[in-house]
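Notes follow the structure.
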Amino acid sequence: MIVQLKSILKYHLKKGKSILAIVSVITLFFLGSCNSSGDRQDEKPEPNLMADREAPLGWVYLRTYPNNTFEFILTGLRDRTVYPGTYRLSNDTIIFTYSDSIPKLNSFKAIITERSVNYLDGTYSESLQIRKNDLLILKKKDVSKKNPTISPNQAELNEALNNIEIDDYYKDIYRQEKLISADDNKMLSIADSLFTSNPKTDLFYFIVFTKSMNGSDGFYSEAVGLSAFNFLNQKTEQFADYFNIAPKLNEKDMINWASFIYGEIQISREGEELKAINDIETRCLENIKEARKEYKAVIEEFFERIKTLHNLSKN
């Protein structure tokens, strides 16, 4: 700017312009420079990710920009609320840091798939349809070629189903979602597998164990009850994580778990079941006090199921 100003002064002095004329030219120069600078500051870069969905009375938008900023926008009939912030990428996960206020969704992470942005850990489910995506070029894994929107957990389960070292007996229970009769040792091995330390198969065996609760009776029910009780107390965080986001688990599965846990409480703490329920809930919440906040909601919901069963047993 200084170089330009010197050139202007030199030119107009050579032309013999009056001081008033020169001052006018300099004023126009500065006004033009300020306006140009202001325009550049007001301009937003072109979004590199655009996703949205229609809401009952408006729209929900997500816009991310190349300078690592984003806007989460809620519009209604008469209002428009913008929640700005910054973001960073971790593989196919986008992590948000809000600048000021936080929307009711209260989610700070989302997985980007080929067609949608799926928020995680929020107070409610949220999925926005992608309109433009220059932010992330998705690398499809072999396990997800048939379904580009496959979740990491489902990919892990698919790998287990394709693993020739895993007995087809477990895979059949997984697919049929119920216990399949077999010799005693094979059936009891389902309960043993629940405690595997292999991170590539632990979710698979958890689901197999859970589905085997459907149709269980006799000696196997006793094994299921004890194993479920021990798993809940020893691996509370894992239990909460699976019931929080894992595929294939549903409301009936949680009720089955609650039934078996309450059955163990009735056996071991007969006459003081409610105190036992509260004691175990306190212990489980203590186990996850440093874990993700949504796990607490899962555990509290689970123990509400157990308390409901207890109340029903008293009627």
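The values are calculated or read from the model by the stated rules, or taken from the named source; none is laboratory data. Here the structure is a predicted model, which is why all the values come from computation and not from measurement. FYI the Cβ positions are ideal-geometry reconstructions off the backbone, even for glycines, and counts take in every protein chain you see.
Entry remark, region 151-170: residues being part of a helix (DSSP H, G or I) and within 30 Å of Asn91 (Cα to Cα) number 10 in total.
Looking only at residues in region 186-228 that are touching a Leu at 6+ places or on another chain (Cβ under 8 Å) and part of a loop (DSSP other than H, G, I, E, B), the one that is surrounded by the most Cβ atoms within 10 Å (Cβ to Cβ) is Ser212.
A single member of Ala240, Ala223 is closer than 21 Å to Asp192 by Cβ and in contact with a helix residue (DSSP H, G or I) (Cβ under 7 Å, 6 or more places away or on another chain), and it is Ala223. Exactly one residue out of Lys275, Lys252 is under 28 Å from the mean Cα position of the chain (by Cα) and either part of a helix (DSSP H, G or I) or not hydroxyl-bearing (Ser, Thr, Tyr) (or both), and it is Lys252. Please state which one of Ser101, Ser90 is loosely packed, with under 13 Cβ neighbours inside 10 Å and at pLDDT below 85. Testing whether each residue is loosely packed, with under 13 Cβ neighbours inside 10 Å and at pLDDT below 85 leaves just Ser90.
Right, Ser144: among the hydroxyl-bearing types (Ser, Thr, Tyr) and modelled with pLDDT under 90 or not? Criteria met by Ser144.
Results for (1) in contact with a His (Cβ under 6 Å, 6 or more places away or on another chain); (2) at pLDDT below 90; (3) of a type in the set (Val, Ile, Thr); (4) surrounded by 13 or more Cβ atoms within 10 Å (Cβ to Cβ), shown as yes or no for each residue.
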| residue | (1), (2), (3), (4) |
| --- | --- |
| Asn250 | no, no, no, no |
| Ile255 | no, no, yes, yes |
| Gln266 | no, no, no, yes |
| Lys275 | no, no, no, no |
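Taking region 93-117, which residues are of a type outside the set (Val, Ile, Thr) and closer than 17 Å to Lys132 by Cβ? The answer is Ala110, Glu114, Arg115, Ser116.
Quick check, is Glu237 part of a helix (DSSP H, G or I), under 27 Å from the mean Cα position of the chain (by Cα) and either charged (D, E, K, R) or surrounded by fewer than 18 Cβ atoms within 10 Å (Cβ to Cβ) (or both)? When the stated conditions are applied, Glu237 passes them.
Selection over region 115-140 of residues that are surrounded by 13 or more Cβ atoms within 10 Å (Cβ to Cβ) and acidic (Asp, Glu) gives a count of 2.
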